[in-house]
1. For the Cα atoms of the chain, what angle does the longest principal axis make with the long axis of helix 83-92, in degrees from 0 to 90, nearest 10?
2. Send over a whole-number figure in Å² for the accessible area per residue of segment 1-98, probe 1.4 Å.
3. For the pair residue 93 and residue 49, how long in nm is the line joining their label points, each one 7 Å along Cα→Cβ?
4. Looking at segment 47-130, I'd like the Rg to Rh ratio, where Rg is from alpha-carbon atoms and Rh is Kirkwood's inverse mean 1/r.
5. In nm, to one decimal, how far is the residue 145 label point from the residue 116 one, both placed 7 Å along Cα→Cβ?
6. Just grab the label-to-label distance for residue 40 and residue 84, each label 7 Å out from Cα along the Cβ direction, in nm (one decimal).
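The values are calculated or read from the model by the stated rules, or taken from the named source; none is laboratory data. In this text, all values refer to a predicted model and were calculated from it rather than measured experimentally. Note that each Cβ is placed from the backbone with ideal geometry, even for glycine, and that neighbours are counted across all protein chains shown. Each accessible area value is taken on the protein alone, full model and side chains, heavy atoms only, with ligands, DNA and RNA left out. Shrake-Rupley method; radii C 1.70, N 1.55, O 1.52, S 1.80 Å.
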Amino acid sequence: MTNRTAHTVHPSPLGDLLLTASVSPAGDATLTSLSLPGQRGAPAVRGEDRDDGPFTEAHRQLDAYFAGRRTRFGLPLSPAGSAFQQAVWQALDDVPYGTTATYGELAARIGVARSEIRAVGGALGANPLLLVRPCHRVIGADGSLRGYAGGVERKRWLLTHEGALQPTLL
């Protein structure tokens, strides 16, 4: 038997998050994507593939994150990507909650030349596991927020939630 794809929706302050997973015949699930509403590159899902069961732990961890009780996710992951993308995404795991890193710093962590920083940015833009692999913590060298597949306003919200940015008064 082969693995099947399942998905669920998780309500959050950022809107309904779409989670997809590969589920083995034994019921073991590995998260393949987590996307935000309106996100470019979000996976297309079929209604008949909705199955909340394999996502119990993901729901629990996301609730704890948004409640401020979790700073790191501990879920089995299996995102699809090139070896270079995988290396960039894995490096995100080392950017601590409540902090940021620049594109240049992230590139240096994985041994990428400064001339290849755009490739790092491209890999971040293709990250299928927003929040879980925290690409929102990567900013420009000048402190600017730059792009984010879920939208710069959501990136600002996440960094403020984590304490990396101070709330702004309107």
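1. 70 degrees
2. On a per-residue basis, segment 1-98 sits at 52 Å².
3. Inter-label distance under the simple model: 2.5 nm.
4. 1.04
5. If labels sit at residue 145 and residue 116, their model points lie 3.0 nm apart.
6. 1.8 nm
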